[in-house]
Amino acid sequence: MADPSSYRPKPGQIPDSPGVYRFRDDHRRVIYVGKAKSLRPRLSSYFQDLANLHPRTRTMVTTAASVEWTVVSTEVEALQLEYSWIKEYDPRFNVKYRDDKSYPYLAVTLNEEFPRVQVMRGAKKKGVRYFGPYGHAWAIRETVDLMLRVFPVRTCSAGVFKNAERTGRPCLLGYIGKCSAPCVGRVTPDEHRELAEEFCDFMAGRTGAYIRRLERRMTDAAEEMEYERAGRLRDDIGALRRAMEKSAVVLADATDADLIAVAEDELEAAVQIFHVRGGRVRGQRGWVTDKVEEVDTAGLVEDALQQLYGEESGDSVPKEVLVPALPEDRVATDALSQWLSERRGSQVSLRIPQRGDKKDLMATVGRNAQQSLVLHKTKRASDLTTRSRALEEIAQALGLDSVPLRIECFDISHLQGDDVVASMVVFEDGLARKSEYRRFQIKGFEGQDDVRSMHEVIGRRFKRYLAEKERTGEWTEENEGSTAPGENGENGENADDAADDTTGQIPAAPGENGHAGHLGPSSLKEDDGRPKRFAYPPQLVVVDGGQPQVAAAKRAMDELGIDDVAVCGLAKRLEEVWLPDDDDPVVLPRSSEGLYLLQRVRDEAHRFAITYQRAKRAKRIRTSPLDDVPGLGETRKQALIKHFGSVKKLRQATIEQICEVPGLGRKTAESVAVALAGTAPAAPAVNTATGEIMEDDGGSTHD
């Protein structure tokens, strides 16, 4: 590991001008390429105290052994040079998008004497007109089949074409009218090229004028009583309309635009692109990348633009590019827009859609990006070999004697110190075991203290484990102080905030659903066959946090004599794995499946905790002073509110007036009056737009 100060440039050496810089390792390999509108402050930022650097940046500068730079005159030149060097050197610390598949294009080889329509993949060739990309090759073939009756362009290979020239007989498509048969001289090269260009114009979105022209020709043929020709034109128009229907209209103003959306987490990002031509979605593609450098959404968008248009020119770059984020620096945004305009040869609008159909379509692209990221993670998580490798990497990194077949992760959640809760999620054999998730309310103290909360939760979890281990009698609800499990919640989550640790569904027996059959012997089951709560110890406890949280968890386990369960913490940045009593974290490789699994476990614990915390907060907000009136059920509460209109007016009513409500006796009316008299009225609501004090209509009390 290199010390960045050993290769730091001397003061005054770095120029204060736009440029591109390269970090090299001790083997002279380029490991990172970046650009800056001013090289001096940008490069100086890499040589500050390592503790202040983002973990990914810290890894890069300690891997590097030297830095060099090249001065350019404008930011546009810097953008172009950065792209060229990234393509040339393929640096390991730069974001590199990888196609989740090789997308097929519809290509027209205008560089040949007789242009050919075909499906193409891979690198684009000069002189070939491309349309797409398409999700599947069969979608291209269906479209081409419909259009060949109107534009009978050659589709055969060079060998078939030459064989037809030699024999003087066209192929089957020539006989059925789906090829103009230039191979046997039915059309001249110029006539065939005109057909190919009309095909390209139609695919490029100029559809309306061509269909109207065919309709006029059909009408003229009918008026001249050439009904066979009119019928053929009618069928041609129908074929073109069916081809157009395969790509739905999404923008009514016949816009040519590319829409780019990004979905990301701390480790990976997915990009989705919709290609809209003539107001219709003509193609879609997506990428997934590891975030190997510190980069925000705007940076991911910039990298995606370079990937998309770095090799493109002319009409391949649309007039409008819509993105979810742009650099805060207006100069950088202008440089990107100018670079795109130079690629196209005319002005390109680069912006974030703010309203209307384009904003709605951008939301759709964003949902596709999110689904793509989820699908990528699901595929990665569902592979048995990958899960096995992940568990082995975790065991090796943490120095465990065996792989952690059962992992439990704990997270603390609160809102500014209120409604403090915790979650416990369980992964067995690398898969989530949702039936064994648990939720906790922090009871030992009031306020915000994540370290203390973690100590309490870990202690409570393992006290229950020890109790289950020693107990031979039945584990009753009275012992728990909890309500009946499995009510009103996702995956068995109980919605009753008064519940204790064991709120949630009774866990499924080990070995069900194909996992963890080795964990639960029959002796760990209740008399009715259900597994006991907290009966199975994990091999690894993961806490969300760094050294303080890990130390608290370890201390709680030591106090209970638990010495056969490993514990580690995953820092918020997801690069650092902390072990008890270690001053330095374990940094797993960026490509590590073990790090990926730990991230998924941590994210699931966070999701489960924050869902519970929000539910508790929502229920607390919805409480009403009528909730504490003995003998007053939900039906009579609703009757009271309906009769008086609001809690405010009910508070002002006399006991006699309350007795007028059907179904309410005097004793209950007195209880209502006493309950409302003992609660202070809520502060009046104020319309922030007008300053007007609004009457309480009872709508927020949930009475």
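The values are calculated or read from the model by the stated rules, or taken from the named source; none is laboratory data. These numbers come from a predicted model, not from an experiment. Cβ sites come from the backbone with ideal geometry, for glycine too, and all protein chains shown count toward neighbours. Each accessible area value is taken on the protein alone, full model and side chains, heavy atoms only, with ligands, DNA and RNA left out. Shrake-Rupley method; radii C 1.70, N 1.55, O 1.52, S 1.80 Å.
If we scan the range 154-169, do we find a residue that is part of a helix (DSSP H, G or I), modelled with pLDDT of 75 or more, among the hydroxyl-bearing types (Ser, Thr, Tyr) and over 36 Å from the mean Cα position of the chain (by Cα)? The answer is yes; a qualifying residue exists.
Is it true that Lys377 is within 30 Å of Pro318 (Cα to Cα) and among the basic types (Lys, Arg)? The answer is no for Lys377. Take the conditions (1) at pLDDT below 70; (2) in a loop (DSSP other than H, G, I, E, B); (3) open to solvent by 40 Å² or more (accessible area, probe 1.4 Å); (4) in contact with a helix residue (DSSP H, G or I) (Cβ under 7 Å, 6 or more places away or on another chain); Glu294 misses just one of them, which is (1). Screening Ser423, Ser435, Ser346, Ser402 for residues that are under 29 Å from the mean Cα position of the chain (by Cα), open to solvent by 10 Å² or more (accessible area, probe 1.4 Å) and polar (S, T, N, Q) leaves exactly one candidate, Ser435. Looking across Arg40, Arg58, Arg24, one residue alone is basic (Lys, Arg), modelled with pLDDT under 85 and under 18 Å from Tyr7 (Cβ atoms). It is Arg58. Candidates Ala615, Ala556: the one that is over 31 Å from the mean Cα position of the chain (by Cα) and in contact (Cβ under 8 Å) with a residue 40 or more places away in the chain is Ala556. Only one of Thr333, Thr364 is within 23 Å of Ala257 (Cβ to Cβ), polar (S, T, N, Q) and open to solvent by less than 20 Å² (accessible area, probe 1.4 Å). Can you tell me which? Being within 23 Å of Ala257 (Cβ to Cβ), polar (S, T, N, Q) and open to solvent by less than 20 Å² (accessible area, probe 1.4 Å) holds for just one of Thr333, Thr364, which is Thr333. Which ones in the range 354-411 are among the β-branched types (Val, Ile, Thr) and in contact with a Gly (Cβ under 6 Å, 6 or more places away or on another chain)? Selection gives Ile394 alone.
Being modelled with pLDDT of 85 or more, in contact with a Ser or Thr (Cβ under 6 Å, 6 or more places away or on another chain) and open to solvent by 30 Å² or more (accessible area, probe 1.4 Å), is that true of even one residue in the range 314-323?
Checking the range 314-323: not a single residue is modelled with pLDDT of 85 or more, in contact with a Ser or Thr (Cβ under 6 Å, 6 or more places away or on another chain) and open to solvent by 30 Å² or more (accessible area, probe 1.4 Å).
Applying the condition of being open to solvent by less than 20 Å² (accessible area, probe 1.4 Å) and modelled with pLDDT of 85 or more to the range 367-399 and asking which residue is nearest to Thr333 (Cα to Cα) yields Ala369.
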